[in-house]
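Here's the structure we're looking at; comments come further down.
The values are calculated or read from the model by the stated rules, or taken from the named source; none is laboratory data. All figures in this text were calculated on a predicted structure; none of them were measured in a lab. For neighbour counting, all protein chains shown are included, and Cβ atoms are generated from backbone atoms with ideal geometry for every residue, glycine included. Ligands, DNA and RNA are stripped out before the accessible areas are found, and what is left, the full protein with its side chains, is counted by its heavy atoms. Shrake-Rupley method; radii C 1.70, N 1.55, O 1.52, S 1.80 Å.
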Amino acid sequence: MDLFSLTIHELRDMLEKGETTSRAITESVLNRIKAVDDKVKAYITVTGDAALSQADGADKARKAGKASAVLGIPIAIKDNMCTAGTRTTCASKILGNFIPPYDATVVTRLNGSGSVMPGKVNMDEFAMGSSTENSAFFATKNPWDLERIPGGSSGGSAAAVAAGECIAALGSDTGGSIRQPAACCGVVGLKPTYGRVSRYGLVAFASSLDQIGPLTKDVTDTAIVMNIITGHDPKDSTSADIPVPDFTMSLVKDVKGMTVGIPKEYFIEGMDPEVDKSVREAVKTLERLGAKVVDVSLPHTGYAVATYYILATSEASSNLARYDGVKYGFRAQGAKDLLDMYMKSRSQGFGPEVKRRIMLGTYALSAGYYDAYYKKGQQVRTLIKHDFDEAFKKVDIIATPTAPTAAFKIGEKSSDPLQMYLSDIFTISVNLAGIPGISLPCGFTTGNLPIGLQLLGRHFDEGSVLHAAYAYEQATEWHLKRPKI
Ligand code: GLN
């Protein structure tokens with residue numbers, strides 16, 4: 001049995017019984033990276049030596065009596081979370097040589113629990129994209145079919161988990177970037193409630209939407225990682241100061257008494273019929289496990305993509321103003337004066353999708369257009385949030401597909417931004433509303449590509465989301481399938 005293919009909880013049990021060591025697990029993961037990453041291309045930076053010394057430290061700490069569910073477990077980090085002393089590029093040329101002087105809070109928490117970092121994983125530049133093709137360095141491939149995208153923007157995280165190049169990973173989700181790649185790669189991905197996990201040290205894309213969360217091989221591992229990374233952080237003013245439950249207590253196998261809502265706006269024309277079928281079957285499984293299934297309506301869903309692309313680009317244009325070649329990151333050579341240095345650094349440092357968004361957002365925020373675009377977008381956002389508030393008066397959970405299709409071919413949508421933006425049609429509203437959402441495997445297409453089921457909950461009710469997800473997972477076997485690379 002290959003250690004790299006196991007889950008956190010399986011490895012934790014083996015470690016606790018003395019059946020393996022963190023060094024053995026870490027070596028297994030590093031060897032797996034050596035064996036398959038030429039094909040998958042999940043990693044931007046592999047920190048092998050540091051990982052092995054962290055592993056030895058974890059083995060020593062365990063002998064000295066330290067215990068934690070992730071002690072000695074290799075967890076990869078998306079390359080938009082700061083890691084002190086380790087390059088953090090955001091998959092952008094403009095941060096290509098950026099070595100942060102501090103750790104993101106999630107990294108501090110993982111390190112404090114004794115996990116091991118095998119390296120930093122690929123993404124769409126500044127997390128803008130749905131395919132990981134927008135990385136300034138290289139595209140990541142889907143381990144189920146190397147000619148297809150792994151989803152994005154946390155495509156490196158999802159592909160690395162699916163391919164066994166780490167045991168679990170952290171990703172970030174602004175409009176679907178944890179859930180959609182999880183669906184494409186057949187793994188579990190949770191976007192927690194806005195405010196649940198500190199974003200201190202996460203490179204900002206759209207600050208009113210960004211959230212960090214885990215990508216794992218099963219729901220139990222998601223709960224385990226959530227227990228480590230969640231909680232109030234005075235360094236992030238949007239981090240909620242509310243009690244943190246033990247998320248593993250939600251892992252209950254039946255869903256008796258739970259009401260699941262099915263929004264008609266999420267089963268639309270143009271959707272892959274195989275996705276539709278798998279998701280509907282998943283809902284039947286939940287019903288069989290004791291849930292009551294009812295129809296709900298989220299009437300403003302049709303405005304979500306447009307609203308998101310106004311708000312997210314506006315916030316991005318403001319957040320990305322700081323990359324000017326002065327304090328850190330890339331600086332263009334041969335500039336005539338300061339303004340020329342700004343302009344050259346930004347035009348050479350940012351890729352085409354990032355530039356498109358800076359331009360869109362700058363336009364939406366500019367004097368004379370602000371009321372027509374940004375302010376209107378905020379108003380529609382409130383309507384979208386209100387849709388969910390109304391639905392959650394009747395139901396505990398909402399079930400939808402994660403994405404309208406399974407993973408598409410590399411290059412298929414890269415010349416048509418609108419088609420690419422539509423990949424997020426089912427995930428974006430969740431960020432606009434700030435609620436938690438999980439994607440977990442619920443089937444395969446006839447072409448053997450994973451399909452994702454999305455389950456949504458009320459604000460700060462990750463517990464119900466994990467509960468429904470776990471019950472479904474335990475009644476099915478999709479999460480046990482691994483790609484052959
Ligand atoms: N795909 C969406 C976008 O391009 C969402 C990205 C994300 O969640 N970071 O903006």
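Can you tell me which residues in region 63-83 are open to solvent by 50 Å² or more (accessible area, probe 1.4 Å) and on the phi < 0 side of the Ramachandran plot?
Passing the criteria: Lys63, Ala64, Lys66, Ala67.
Within region 183-220, restricting attention to residues that are under 16 Å from Leu466 (Cα atoms) and within 12 Å of the ligand (Cβ to nearest atom), which residue is surrounded by the most Cβ atoms within 10 Å (Cβ to Cβ)?
Among residues in region 183-220 that are under 16 Å from Leu466 (Cα atoms) and within 12 Å of the ligand (Cβ to nearest atom), the one surrounded by the most Cβ atoms within 10 Å (Cβ to Cβ) is Lys191.
Which of the residues spanning region 351-366 are more than 20 Å from Leu418 (Cα to Cα) and outside any helix (DSSP H, G or I)?
Of everything in region 351-366, just one residue is more than 20 Å from Leu418 (Cα to Cα) and outside any helix (DSSP H, G or I), namely Ser366.
Residue check: is Lys327 without any contact (Cβ under 8 Å) to a residue 60 or more places away in the chain, in a loop (DSSP other than H, G, I, E, B) and either more than 20 Å from Ala399 (Cβ to Cβ) or of a type outside the set (Phe, Trp, Tyr) (or both)?
In short, yes.
Would a scan of region 390-400 turn up a residue that is modelled with pLDDT under 95 and either closer than 15 Å to Pro181 by Cα or open to solvent by 10 Å² or more (accessible area, probe 1.4 Å) (or both)?
Within region 390-400 (the criterion being modelled with pLDDT under 95 and either closer than 15 Å to Pro181 by Cα or open to solvent by 10 Å² or more (accessible area, probe 1.4 Å) (or both)), the answer is no, since none of the residues qualifies.
Can you pull out the helices (runs of 4 or more DSSP H) entirely within region 367-485 that have at least 2 residues that are of a type in the set (Lys, Arg) and more than 15 Å from the ligand (Cβ to nearest atom)?
Helices (runs of 4 or more DSSP H) meeting the threshold: 376-394.
Restricting attention to region 407-441, report how many residues are of a type in the set (Gly, Ala, Ser) and within 15 Å of Ser177 (Cα to Cα).
Residues that pass the stated criteria total 6.
Of Leu110, Leu71, which residue is within 19 Å of the chain's Cα centre (by Cα) and either away from the ligand (no atom under 16 Å from the Cβ) or in a loop (DSSP other than H, G, I, E, B) (or both)?
From the options Leu110, Leu71, the qualifying one is Leu110.
Would you mind telling me which numbered condition in (1) assigned to a loop (DSSP other than H, G, I, E, B); (2) within 16 Å of the ligand (Cβ to nearest atom) Lys256 fails?
(2)
Could you tell me whether any residue of region 134-153 is open to solvent by less than 30 Å² (accessible area, probe 1.4 Å), more than 21 Å from Arg32 (Cβ to Cβ) and outside any loop (DSSP other than H, G, I, E, B)?
No, region 134-153 contains no residue that is open to solvent by less than 30 Å² (accessible area, probe 1.4 Å), more than 21 Å from Arg32 (Cβ to Cβ) and outside any loop (DSSP other than H, G, I, E, B).
Within region 134-143, identify whether any single residue is in contact with a strand residue (DSSP E or B) (Cβ under 7 Å, 6 or more places away or on another chain), within 12 Å of the ligand (Cβ to nearest atom) and closer than 20 Å to Asn431 by Cβ, and answer yes or no.
No, region 134-143 has no match at all.
Could you tell me whether Pro299 is assigned to a loop (DSSP other than H, G, I, E, B) and closer than 30 Å to Gly129 by Cβ?
It is true that Pro299 is assigned to a loop (DSSP other than H, G, I, E, B) and closer than 30 Å to Gly129 by Cβ.
Can you find a residue in region 109-123 that is open to solvent by 10 Å² or more (accessible area, probe 1.4 Å) and of a type in the set (S, T, N, Q)?
yes
Among what's in region 439-485 and is among the hydroxyl-bearing types (Ser, Thr, Tyr) and in contact with a Gly (Cβ under 7 Å, 6 or more places away or on another chain), pick the residue that is least open to solvent (accessible area, probe 1.4 Å).
Here the residue is Ser439.
For region 29-59, give me the residue count where each residue is touching a Lys or Arg at 6+ places or on another chain (Cβ under 9 Å) and of a type in the set (Lys, Arg).
Of the residues in that region, 2 qualify.
In region 166-181, is there at least one residue being away from the ligand (no atom under 16 Å from the Cβ), over 9 Å from the mean Cα position of the chain (by Cα), under 24 Å from Pro74 (Cβ atoms) and assigned to a strand (DSSP E or B)?
Looking for residues that are away from the ligand (no atom under 16 Å from the Cβ), over 9 Å from the mean Cα position of the chain (by Cα), under 24 Å from Pro74 (Cβ atoms) and assigned to a strand (DSSP E or B), one finds at least one in region 166-181, hence yes.
Which of the residues that make up region 342-366 are crowded, with 17+ Cβ neighbours inside 10 Å and either within 16 Å of the ligand (Cβ to nearest atom) or free of Cβ contacts under 8 Å to residues at least 40 places away in the same chain (or both)?
Tyr342, Lys344, Phe350, Gly351, Glu353, Val354, Arg357, Ile358, Leu360, Gly361, Ala364 - these are the residues of region 342-366 that are crowded, with 17+ Cβ neighbours inside 10 Å and either within 16 Å of the ligand (Cβ to nearest atom) or free of Cβ contacts under 8 Å to residues at least 40 places away in the same chain (or both).
For the condition over 24 Å from the mean Cα position of the chain (by Cα) and at positive phi, what is the one hit in Gly334, Gly349?
It is Gly334.
Going residue by residue through region 239-247, is there one that turns out to be under 20 Å from the mean Cα position of the chain (by Cα), within 16 Å of the ligand (Cβ to nearest atom) and at pLDDT 95 or above?
Among the residues of region 239-247, not one is under 20 Å from the mean Cα position of the chain (by Cα), within 16 Å of the ligand (Cβ to nearest atom) and at pLDDT 95 or above, which makes the answer no.
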